[in-house]
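**Student:** A single structure is presented below for examination.
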Amino acid sequence: MRNTDTYSYLIRDGHDLAHDPVPGILGPRPIGWISTCDASGRPRLQTYSFFGIFNYVPPIVGFASVGGTESVKNTESTGEFAYNLATRPLAGCVNETIVPALTEMDEFERSGLTKARSIAIAAPRVAESPVSLECRVTSIQQLNGLDSEALNTWLVLGEVVAVHINRDLLCEGLYDTVAAQPILRGGGVCDYFEVLEAGKFRMAHPR
């Protein structure tokens with residue numbers, strides 16, 4: 001179903017584009033920079049482009065992992081993880097933790113980052129990140145397709161139990177999103193976006 005105004009296709013038939021457009025349509029997305037520990041206490045730090053917040057009170061955040069990554073295994077065995085804000089100054093380090101690593105590899109050392117002690121969980125935070133959320137797992141679910149077949153993707157949800165924010169990002173009790181310089185994942189193979197003041201606008205909620 002293709003005409004000059006709209007490009008349409010059925011997922012089952014595939015597309016003839018250079019890259020899957022759906023991730024780009026549903027973007028840019030917050031990056032889940034997730035730190036965990038395995039059952040032996042060894043730290044891991046991995047990057048996920050499927051990440052979001054799903055509840056206000058209590059705050060529930062989650063990430064989805066395509067494939068059985070070490071982070072998912074660690075959340076299963078320890079029941080916890082930390083989210084660390086991915087920012088423009090740390091983009092190179094974030095990129096270093098995208099590549100699947102060997103079990104014995106320490107991504108903190110590989111990317112030149114510092115482990116910071118958490119206050120409510122055992123998993124370390126990224127000291128260089130201006131914001132971290134300590135989370136305890138509430139749900140781990142393997143996703144299914146319409147045919148009820150299990151997919152090689154796991155969704156991990158966790159309740160935020162502790163929050164760390166650089167004081168420079170708080171102004172009169174409000175968190176300054178722009179000042180934090182978060183980066184977000186876009187479409188294509190290598191596309192990322194940075195939040196800038198020029199892109200901010202306000203709309204009052206209808207009453």
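**Student:** Looking at the range 177-197 only, could you name the residues that are under 15 Å from residue 28 (Cβ atoms) and either loosely packed, with under 10 Cβ neighbours inside 10 Å or of a type in the set (Phe, Trp, Tyr) (or both)?
**Tutor:** Residues satisfying the conditions are 189, 190, 192, 193.
**Student:** Output yes when any residue across the range 90-101 is surrounded by fewer than 19 Cβ atoms within 10 Å (Cβ to Cβ), in contact with a Ser or Thr (Cβ under 8 Å, 6 or more places away or on another chain), charged (D, E, K, R) and under 28 Å from residue 195 (Cβ atoms), and no when none is.
**Tutor:** Yes, there is a match, as at least one residue in the range 90-101 is surrounded by fewer than 19 Cβ atoms within 10 Å (Cβ to Cβ), in contact with a Ser or Thr (Cβ under 8 Å, 6 or more places away or on another chain), charged (D, E, K, R) and under 28 Å from residue 195 (Cβ atoms).
**Student:** Okay, moving on. Just wondering, is there one or more residues in the range 51-66 that are part of a helix (DSSP H, G or I), of a type outside the set (Gly, Ala, Ser), out of contact with any Cys (no Cβ under 8 Å at 6 or more places or on another chain) and in contact (Cβ under 8 Å) with a residue 40 or more places away in the chain?
**Tutor:** Pass one, the range 51-66, residues part of a helix (DSSP H, G or I): none.
No, that holds for no residue.
**Student:** Can you say whether residue 134 is of a type outside the set (A, V, I, L, M), under 14 Å from residue 36 (Cα atoms), part of a helix (DSSP H, G or I) and in contact with a strand residue (DSSP E or B) (Cβ under 7 Å, 6 or more places away or on another chain), as far as the supplied structure shows? Give the derivation first.
**Tutor:** Working: of a type outside the set (A, V, I, L, M): yes; under 14 Å from residue 36 (Cα atoms): yes; part of a helix (DSSP H, G or I): no; in contact with a strand residue (DSSP E or B) (Cβ under 7 Å, 6 or more places away or on another chain): yes.
So residue 134 does not fit the description; no.
**Student:** A follow-up question, please. Can you tell me which condition residue 155 does not meet? The list is (1) touching a residue at least 24 places away in the same chain (Cβ under 8 Å); (2) within 24 Å of residue 180 (Cα to Cα), and all the others hold.
**Tutor:** Unmet for residue 155, out of (1) touching a residue at least 24 places away in the same chain (Cβ under 8 Å); (2) within 24 Å of residue 180 (Cα to Cα): (2).
**Student:** Same structure again: List every residue pair whose Cβ atoms sit under 6 Å apart, with the two residues 6 or more apart in sequence or on different chains, where the first one lies in the range 162-185 and is at positive phi and the second, anywhere, is of a type in the set (S, T, N, Q).
**Tutor:** 181/87
**Student:** Right, another one. Within the bounds of the range 48-70, is there any residue that is modelled with pLDDT under 90, within 22 Å of residue 152 (Cβ to Cβ) and aliphatic (A, V, I, L, M)?
**Tutor:** Within the range 48-70, none of the residues are modelled with pLDDT under 90, within 22 Å of residue 152 (Cβ to Cβ) and aliphatic (A, V, I, L, M).
**Student:** Looking at the range 2-40, which of its residues are loosely packed, with under 10 Cβ neighbours inside 10 Å, in a loop (DSSP other than H, G, I, E, B) and out of contact with any strand residue (DSSP E or B) (no Cβ under 9 Å at 6 or more places or on another chain)?
**Tutor:** Matches in the range 2-40: 3, 4, 5, 6, 10, 14, 16, 18, 40.
**Student:** Sticking with this structure for a sec: Only one of these conditions is not met by residue 32: (1) within 18 Å of residue 189 (Cβ to Cβ); (2) at pLDDT 95 or above. Which number is it?
**Tutor:** (1)
The values are calculated or read from the model by the stated rules, or taken from the named source; none is laboratory data. Keep in mind it's a predicted model, so treat the numbers as computed, not measured. Ideal geometry is used to build each Cβ from the backbone, glycine not excepted, and the neighbour counts take in all protein chains shown.
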